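What follows is a single structure, written as structure tokens, with notes after it.
The values are calculated or read from the model by the stated rules, or taken from the named source; none is laboratory data. It should be emphasised that the depicted structure is a prediction, and the values quoted were computed from it without experimental measurement. Because the Cβ atoms are built from the backbone with ideal geometry, glycine has one as well, and the counts that use them run over all protein chains shown. The area values use the complete protein model at the heavy-atom level, side chains included, leaving out ligands, DNA and RNA. Shrake-Rupley method; radii C 1.70, N 1.55, O 1.52, S 1.80 Å.
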Amino acid sequence: MRIVRFLTRTAGSADGSGRIGVTDVLAYCYLGLGVLIILIPVMWTFLTSVKPERAVDSFDMRLVPLAQVQKDIEGYGEKYIYQAELPDGESGQVFKTGPTRSQTDVAAVDDPESIFQVSRRSLAPVEEVRIAVENYLDPILRRNGQENFHFLTYLFNSVFVTAAATIITLIINAMAAFALSKYRFRGRLTIMLLIIATLLVPGTIILVSTFFVVWTLGIFGSLWGVIIPAAATPTGVFLLRQYMLTIPDELLEAARMDAASEWRIFWRIIIPLSAPALAVLAILSVIWRWNDFLWPLIVLITDPTKHTIQIGLTTFSGEFDSDFHYILAMTVVSLIPVTLIFVYLQRFITTGIASTGLK
């Protein structure tokens, strides 16, 4: 009923009639379907990250985190418990006393000395709901063999790279957009077209040349080698230029008449009025920098203390085995900062994109 009242109130406020039309219903259906499609992978990742290691390794696709019950059997140690038919014909809990075969040796939990055989297919695991918090605590607290995963170091490096790169990106792109939108000079349109044309060049094409530039500047192996090469982005220049074109030139002329310098006009007029577009670019930059993997892997591969959290996840992947339960848990943790930033800045997205002319 609350949903119906919400839809009625929202639709009524849109057309003033207080009734829901077919178009409104379809719009809400498409919106709900889109949100569901987007959230399904995220929810699956989170629900799988709280499953025990055995369930993850066995590709258990059930949403509920179920774990097979283990009991300490005297003389045998910790054993997984199954439900099977006992020799007296009744169903009871048993555990394996030998390797799994077509006819497997088992013993009843209540009578571990009496061993008998049952069909492997008749063994049903006894399960219980259990949230595997160790998937999160082991890597963060560096316990149970996870001493090589330095979570706080990786987190600090990722935050520093993302914050520094985003600030530099906003400043450089805003300055370029200001010049291309508010100054009249020969070749302005040509320069803008060349900047947009760079979007057609894949990053892997210039990877080697960028590597040699970083090596020549002496910042290879440092976090600045990750930050500086991607500071200026054609997408950011185009987005901010389109927004700044909507700012009236009369404001700038009035400031110049009051003897304001170009630098002051940029900081006191252009930057505050471009806040919605800057917020959109900030969100995009945070997502780009936080999720970047290939370039940081190339630049920072020689120094593990400089690894970001995305590179740190490779710690759980070995040549013959991978700890997928840890990978999923730390992936969920890495999503939290980006999600919080998006929630905080999302109110600027609609305004910023609508004003830049992007579709």
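Kindly indicate whether Gly92 is under 18 Å from Glu128 (Cβ atoms), surrounded by fewer than 16 Cβ atoms within 10 Å (Cβ to Cβ) and without any contact (Cβ under 8 Å) to a residue 40 or more places away in the chain. Criteria met by Gly92. The residue that is most open to solvent (accessible area, probe 1.4 Å), among those in the stretch 299-323 that are aliphatic (A, V, I, L, M) and under 19 Å from the mean Cα position of the chain (by Cα), is Leu313. For the stretch 182-257, the helices (runs of 4 or more DSSP H) that sit wholly inside it and include 1 or more residues that are open to solvent by less than 70 Å² (accessible area, probe 1.4 Å), within 27 Å of Ala279 (Cα to Cα) and of a type in the set (D, E, K, R) are 188-197, 234-244, 249-257. Comparison of Ile37, Ile131 shows that the only residue that is under 19 Å from His325 (Cα atoms) and either free of Cβ contacts under 8 Å to residues at least 24 places away in the same chain or not acidic (Asp, Glu) (or both) is Ile131.
Yes or no: the stretch 96-103 includes at least one residue that is among the basic types (Lys, Arg) and within 37 Å of the chain's Cα centre (by Cα). Scanning the stretch 96-103 turns up no residue that is among the basic types (Lys, Arg) and within 37 Å of the chain's Cα centre (by Cα). Could you list, in sequence order, all residues of the stretch 169-181 that are open to solvent by less than 50 Å² (accessible area, probe 1.4 Å) and among the aliphatic types (A, V, I, L, M)? The answer is Leu170, Ala174, Ala176, Ala177, Ala179, Leu180.
Criterion applied to Glu147, Glu128 was being open to solvent by 60 Å² or more (accessible area, probe 1.4 Å), of a type in the set (Asp, Glu) and more than 30 Å from Gly98 (Cα to Cα), and the one residue passing it is Glu147. In the stretch 69-83, the residue that is farthest from the chain's Cα centre (by Cα) out of those that are under 16 Å from Ser122 (Cα atoms) and open to solvent by 50 Å² or more (accessible area, probe 1.4 Å) is Gln83. Filtering Phe342, Phe348 for residues that are modelled with pLDDT under 85, in a helix (DSSP H, G or I) and either among the acidic types (Asp, Glu) or surrounded by 17 or more Cβ atoms within 10 Å (Cβ to Cβ) (or both) leaves a single hit, Phe348.
Here the stretch 268-278 is the region considered, the condition is being under 23 Å from Tyr344 (Cβ atoms) and of a type outside the set (Val, Ile, Thr), and the residue that is surrounded by the most Cβ atoms within 10 Å (Cβ to Cβ) is Ala277. Filtering Leu86, Leu66, Leu31 for residues that are surrounded by 14 or more Cβ atoms within 10 Å (Cβ to Cβ), closer than 30 Å to Met330 by Cα and modelled with pLDDT of 80 or more leaves a single hit, Leu66. Of note, Gly98 satisfies the criterion of being open to solvent by less than 30 Å² (accessible area, probe 1.4 Å) and either at pLDDT below 85 or part of a loop (DSSP other than H, G, I, E, B) (or both).
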